[in-house]
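Taking it in order: structure first as structure tokens, then the write-up.
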Amino acid sequence: MMNLIFIFLSGVAPSQISNAVDITIDRNGVLLNGRFYFSDEIQDLPTAILLQGFPGNEIDVLGIGSKLSKAGINAMTFNYSGTYKSQGEFNWENTQKDIQAAFEFIYESENIRKFKIDTNRIYLGGYSYGGGMALTYAANHPEIKAVFSIAGTDHGEFMKEYNRNFEMQKMMDDIFAGLNTPAGPVKFAKGGTPKEITEMKIIDLNPTFHLRKSASLLAQKDILLIGGWEDNKVSIDHMILPFYRALKNEKANKVKIVAFQDDHTFQNSREEVAKTITVWIKTASERDFR
């Protein structure tokens, strides 16, 4: 049985965080809580928008934001609409709007000055749910040139398994029910749960949530895919390699896979994951990023 759960909390303890400030992203009046990890470098810096898993946490993503800032790369993360203390309601469509609002925050002149942002070097990436959402956003936005995904969910494949596998369906329905407010950290909008995603045919309405079918829209981008050999939730065999092959079939020549001997939490390899992303970002100019 393919186990495709994509819900994990991860982060670092507050005492480990340096050079971080809380931020608020305004999505047309919906206020999203976030955190900006900045570097002490003098020159303008590359900046990564780092998307949480689902439902994520209120600190960092696998500790990567803090590690990137220490390596001279700005990193910004935030809680999706309807999660934790962010306003609004959660569903896939709102997540895509949240990402757009994050880009608008990055390009505000005040933030460019405050955080020393090099607007020619903006990167989009995410973990698990966020990895899949980053790739979907990039598929719909030709201006996004580079994107990275850490154990990113192919939501089209996830929903295929959900609809096929009744044991998984019951398990996921129970998990999502437990996440719902007031007991849980998520306030769902219509279309926010797997059951409603199926009923509303959301992937039919927006097929870019199915990454393999979006390969032609992503093939010319610079893409880094990170996976774990022991990950049985977003597995290399069922999720990452088939997507990679779909990209290669579309003549992608700037896609790279890096795999670690770890599970979905990357608990034993977070330093290496952060270093991999750091090197990928810092060598972007050599790959004709723009």
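The values are calculated or read from the model by the stated rules, or taken from the named source; none is laboratory data. Predicted model, so just to flag it, every value in this text is computed and none were measured. With ideal geometry, Cβ positions are generated from the backbone for all residues, glycine too; neighbour counts draw on all protein chains shown.
Just checking, which of Leu225, Leu247, Leu211, Leu218 is modelled with pLDDT of 95 or more, closer than 29 Å to Thr278 by Cβ, touching a Lys or Arg at 6+ places or on another chain (Cβ under 8 Å) and not charged (D, E, K, R)?
The unique qualifying residue is Leu225.
Table: residues versus (1) among the basic types (Lys, Arg); (2) in a helix (DSSP H, G or I); (3) more than 14 Å from the chain's Cα centre (by Cα).
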residue	(1), (2), (3)
Gly126	no, no, no
Gly131	no, yes, no
Pro142	no, no, yes
Glu157	no, yes, yes
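Residue by residue through region 211-223, note down the ones that are in contact with a Gly (Cβ under 8 Å, 6 or more places away or on another chain) and surrounded by fewer than 22 Cβ atoms within 10 Å (Cβ to Cβ).
Arg212, Lys213
Scan region 259-268 and give yes if some residue there is crowded, with 17+ Cβ neighbours inside 10 Å, free of Cβ contacts under 8 Å to residues at least 40 places away in the same chain and not charged (D, E, K, R), otherwise no.
yes
Does region 177-187 hold any residues that are surrounded by fewer than 19 Cβ atoms within 10 Å (Cβ to Cβ) and either touching a strand residue (DSSP E or B) at 6+ places or on another chain (Cβ under 9 Å) or in a helix (DSSP H, G or I) (or both), and which are they?
Result: Ala177, Gly178, Asn180, Thr181, Gly184.
With respect to Asp22, determine if the residue is at pLDDT 95 or above and of a type in the set (Asp, Glu).
For Asp22, the condition - at pLDDT 95 or above and of a type in the set (Asp, Glu) - is met.
Give region 250-285 a look and list any residue that's modelled with pLDDT of 95 or more and of a type in the set (Gly, Ala, Ser), or say none.
Once the filter is applied, which keeps residues that are modelled with pLDDT of 95 or more and of a type in the set (Gly, Ala, Ser), region 250-285 yields Ala252, Ala259, Ser269, Ala274.
Would you confirm whether or not region 228-242 contains a residue that is surrounded by fewer than 16 Cβ atoms within 10 Å (Cβ to Cβ), out of contact with any Pro (no Cβ under 7 Å at 6 or more places or on another chain) and among the basic types (Lys, Arg)?
no
Rundown of residues vs (1) outside any helix (DSSP H, G or I); (2) charged (D, E, K, R); (3) farther than 27 Å from Asn120 by Cβ, yes/no style:
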| position | (1), (2), (3) |
| --- | --- |
| Ser216 | no, no, no |
| His238 | no, no, yes |
| Tyr244 | no, no, yes |
| Asn253 | yes, no, no |
| Phe266 | yes, no, yes |
| Thr278 | no, no, no |
| Ile281 | no, no, no |
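Going through region 53-74 one residue at a time, which ones are of a type in the set (A, V, I, L, M), more than 19 Å from Asp262 (Cα to Cα) and within 15 Å of the chain's Cα centre (by Cα)?
Scanning region 53-74 gives a single hit, Ile59.
For the list (1) of a type outside the set (Ser, Thr, Tyr); (2) part of a loop (DSSP other than H, G, I, E, B); (3) more than 25 Å from Pro242 (Cα to Cα); (4) in contact with a helix residue (DSSP H, G or I) (Cβ under 8 Å, 6 or more places away or on another chain), I need the number of the one condition that Asn111 fails.
Unmet condition: (2).
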